[in-house]
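First the structure, in the form of structure tokens, and then the observations on it.
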Amino acid sequence: MSVKEQVLETIKSAGKPVSAGEVEKLSGLDRKEIDKAFNDLKKEKAIVSPVRCKWEAAE
């Protein structure tokens, strides 16, 4: 499973909008890898931001 997939799964399993820091705590992944995955997921419109600095999976 790629880092991007792990980040997306972590966001989905949280059940609420989460920040990159929360994803880091929940998944144990490196913050730099999480930030890169966030950028890719934003470009693909796989995640959306309902609240500033918090992200959730797009429906």
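The values are calculated or read from the model by the stated rules, or taken from the named source; none is laboratory data. The model shown is predicted, which means the values in this text are computed figures rather than measured ones. Heads up, the Cβs are rebuilt from the backbone with ideal geometry, glycines too, and the neighbour counts pull from every protein chain shown. Just the protein is used for accessible areas: all its heavy atoms, side chains included, with ligands, DNA and RNA removed. Shrake-Rupley method; radii C 1.70, N 1.55, O 1.52, S 1.80 Å.
In the chain, Rg over Rh equals 0.90, where Rg is the alpha-carbon radius of gyration and Rh the Kirkwood radius from pairwise Cα distances.
If you run the Gaussian network model on the chain, springs between alpha carbon atoms under 10 Å, then out of Glu33, Glu22, Glu44 the most flexible one is Glu44. Loop-resident trypsin sites (Lys or Arg not before Pro) (DSSP state other than H, G, I, E or B) in region 15-59 with no more than 15 further Cβ atoms inside 10 Å of their Cβ: Lys45, Arg52.
Taking the 1.4 Å solvent-accessible surface of region 3-57 as the whole, the part contributed by carbon and sulfur is 49%.
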